[in-house]
Each structure stands twice: as structure tokens, then as C-alpha cells.
Amino acid sequence: YTILSRVHSDRNVYPSAGVLFVHVLEREYFKGEFPPYPKPGEISNDPITFNTNLMGYPDRPGWLRYIQRTPYSDGVLYGSPTVENVGKPTIIEITAYNRRTFETARHNLIINIMSAEDFPLPYQAEFFIRNMNVEEMLASEVLGDFLGAVKNVWQPERLNAINITSALDRGGRVPLPINDMKEGVYVMVGADVPFSSCLREVENPQNQLRCSQEMEPVITCDKKFRTQFHIDWCKISLVDNTKQVSTFQEVIRGEGILPNGGEYKPPSDTLKSRDYYSDFLITLAVPSAIALVLFLILAYIMCCRREGVEKRNMQTPDIQLVHHSAIQKSTKELRDMSKNREIAWPLSTLPVFHPVTGEIVPPLHTDSYDNTSMPLMQTQQNLPHQTQIPQQQSAGQY
């Protein structure tokens, strides 16, 4: 038979408020709930993904995050519990999906948040580590090495990891897949003693100037981190809660009863009449009168102030008027010719005198002559009654 879903027994965890909580969802823990590979003896390596949500809700609490890079890696629940949830059990439903068989396995994680002693820690420092991803930093051995380096620099009596946040959750960009670049991670730690002189070096004016110029500041204790962690000292944040003034104001709650405002008096049912004549004058009559005045002024300028054609001709020289009139007549004549080419050729295009004798030459054709194929300008060879000019001969021929 096919198993659609199996439910594990509930698991209880007891994190402290204000201290980093990490819970690993191991794939090996859920492999036994899924059927093995068809071949006996073959090691099962099914792709498994997880879905986590608060019981009765589609998502997790605001303080709890989840990450799983690939279906072949373990999932991790991490976050920093808040004081408001102390004493209230938080039930997280964890559902594992087998991407090969499409089967599911489910169990509940009961988070019982406990109150931490001397919480919160008054001195908190947040570091930005550039060469780490969040799931790498959540590993217990890596986080332990980082806290050991911080404790060596800070020398506190109590040191706790408060929270871990991926740089992508702070508005960072996904790194390019070259040179095994990391996205970066923010790690906040808290201690019970003031900041050391090494951490205070970031606040020096020289280092602040170098940070504003996008240069690496000079920190004496950086070599204690550099072997494993590349810290961006320009992004370090130091918070001293002992110097912060609380802005909390106590809310004074009333009895929930509105003050007596007297007896309710509704408006009258009868409406007073209103004269709209003044509104009519303001909205229609006044703009219409202004438009009429503007129209009269424009009509006077356009009609009564024109110079006219006669005044223009009086101011123009006569020779220019004659040339203009001749151009207009020739243009009109050419347009008429293009419209109807069956009419007789105009006299302006025909020879009117003999080129040698100067005698007047009659028209070359009658009115019934087909002139559609006749060229516009006739050559000297086409002219009748033309006298040939004798060509000069050489002296040997006389």
C-alpha cells in the first residue's frame, strides 16, 4: 500500500528570549519515513524539501526564519525569540516533501520560550561578515569560532549570539557566481561589559574618514578575525543600551464611555430657498462679457486695420509689378497648356519672323493640324523658308 503521509511525534525545544535559536531539519531524520529505492542495497538520496508554518497559519512567526539551499541539503530554522512570547508555546508544523515519490512526512516542533537571566545584555555589537553565507554561519563550529574570536577581543564575562541575518534580508544584492562569492551575513552579539578599545577604534575620525572614502579602516584586532572571517569594519554597529533613554509612555485607558453631549437634534426637514441669480452672473454673464469684448478687439484688428492690396501696390515699384504680372501670366498660360494639349500652340512658343530676312512668318500649321507630337521648341532645321548660310570653304576650292 502507498503511504501518503506520516506524522512524527512532537519535539520540544526550550530556547531563551533574546538568544539566537537554531534548529536543523535533518534529511536523514525523514528518510526512514519514505520507501527505499527500487534496487535493494542502494543508498537512498531522494531530494527532500521542507515547509514550515505556525499551526493554524500559513507562515512562521515574525522572529523565525527558514533557509534551505538545495533539496539535497538540510533545512535550518533560526531566529531570536522575543520577550512577548515567553511562557507561550509556539507550535511549528514541519512538512517534508519527497520530490521523487511525492510523499510527505510531518511532525510538530513545540518551541517553549524561556526567560533569560539579565536580559537584555546592555552592550550589543553587530558585525558584517563578507565571506560567509547564513547557513554556513549557523553551523555550530563556525559560530563557536566567531564567538571565540569576539570574546578574545572583547573579554566579557557573558557573551551571547543574539541574532543572525542574511545580507539579502537587509536589501543586499545576490552576488555574481564568480570566485565563489558570498552574500554576507550580519551577526549581532551581546555582552555585559563595555566595548573594548579595539572595537572603539571604528569611531575614530581617521577611520570614519577612510570609510567615507570607501577605504578599509585601520583596526588593530582585525588580524584575529582575518584568518577565517573577513569583517567589514565600516558596517559595524555598537549599541549601548545603558545610555539610551526609554521613550515608552504608559497608556492611560479610559472607562470606554463617551461623555454626555446632550440630546441629539436632527436637522430640519424644510430647506430654505436660495437665489441662484448672483451665481448665474458670476459663472456665465461675466465670462461671456469678457469674451465678447475680446472678440470685438480682435475683429477690429483683423478687419479695420488691414493695409489692403492697393496700399501695397502703391508702395511697390512699377518695374517690380510688371515683372510680377508677367510671371503670373506665363504661369497661368503654362498651367492651361498642361490641362489641355489639344488646343493650338500659343504664339509665345512659335517663330514670328524669319531669322535672316526678318520677314513675318505665317503659322506652321492650321487649326486642324495634329500637334500632340510636335516638340515644344522647334530647331532651325524644322523652320520652312529658312535660308542656308553658306559655309566657308578652303582656298584650294575657289
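A few notes on this one:
- You can think of it this way: the chain between LEU298 and SER268 has 5.5 nm of extra reach, that is 0.36 nm per residue less the Cα-Cα gap.
- Heavy-atom SASA rank of LYS151, LYS182 (probe 1.4 Å, accessible area, largest first): LYS151, LYS182
- Were the residues from LYS329 through THR101 laid out at 0.36 nm apart, the gain over their Cα-Cα distance would be 72.3 nm.
- Going by accessible surface with a 1.4 Å probe and the largest first, TYR78, TYR97, TYR264, TYR123 read TYR264, TYR97, TYR123, TYR78.
- Contour excess over end-to-end distance, with Cα ends at GLU183 and GLU93 and 0.36 nm allotted per residue: 29.5 nm
- Label-point gap, in nm, between TYR277 and ARG130 - each point 7 angstrom along Cα→Cβ: 8.4 nm
- Cβ-derived FRET efficiency at R0 56 Å, CYS234 paired with ASP59, nearest 0.05: 0.95
- Test item: Cα-centred dipole of the stretch 123-240, Lys/Arg +1 and Asp/Glu -1 on Cβ, debye: 200 debye
- Backbone geometry of the stretch 129-140 corresponds, through the Karplus equation with coefficients 6.51, -1.76 and 1.60 at θ = phi - 60°, to 3J(HN,Hα) couplings of 9, 7, 9, 9, 9, 5, 6, 6, 6, 6, 4, 4 Hz, x marking Gly and Pro.
- LEU238 exposes around 40 Å² of accessible area when a 1.4 Å probe is run over every protein chain in place.
- Per-q log10 I(q)/I(0), the stretch 11-113, q = 0.09, 0.10 Å⁻¹ (Debye; single scatterer per alpha-carbon; no solvent): -0.26, -0.31
- Per the Cα gyration tensor, the stretch 66-108 maps to an equivalent ellipsoid with semi-axes of 27, 14, 5 Å, ordered largest to smallest.
- With all projection directions averaged, the alpha carbon convex hull of the stretch 123-240 covers 7.6 nm².
- Cross-link table LYS31/LYS88; LYS88/LYS235; LYS182/LYS223, entries beyond 24 Å C-alpha to C-alpha: LYS31/LYS88; LYS88/LYS235
- Point-to-point label distance, VAL218-ALA289, nm (Cα→Cβ direction, 7 Å offset): 8.4 nm
- Loop trypsin sites (Lys or Arg not before Pro), the stretch 259-327 (other Cβ atoms within 10 Å of the site Cβ: 15 or fewer; DSSP): LYS272, ARG274, ARG305, ARG306
- Accessible-area value, ASP59, 1.4 Å probe, nucleic acids and ligands omitted, Å²: 90 Å²
- Summarising the label geometry, the points placed 7 Å from Cα in the beta-carbon direction at ASP145 and ARG173 lie 2.9 nm from one another.
- Global size of the stretch 154-305: 37.0, 102 Å for Rg and Dmax (C-alpha atoms, Rg to one decimal, Dmax whole).
The values are calculated or read from the model by the stated rules, or taken from the named source; none is laboratory data. The model shown is predicted, which means the values in this text are computed figures rather than measured ones. Backbone-built Cβ (ideal geometry, glycine too); neighbour counts: all protein chains shown. To get the accessible areas, we keep the full protein, side chains included, count just its heavy atoms, and leave off ligands, DNA and RNA. Shrake-Rupley method; radii C 1.70, N 1.55, O 1.52, S 1.80 Å.
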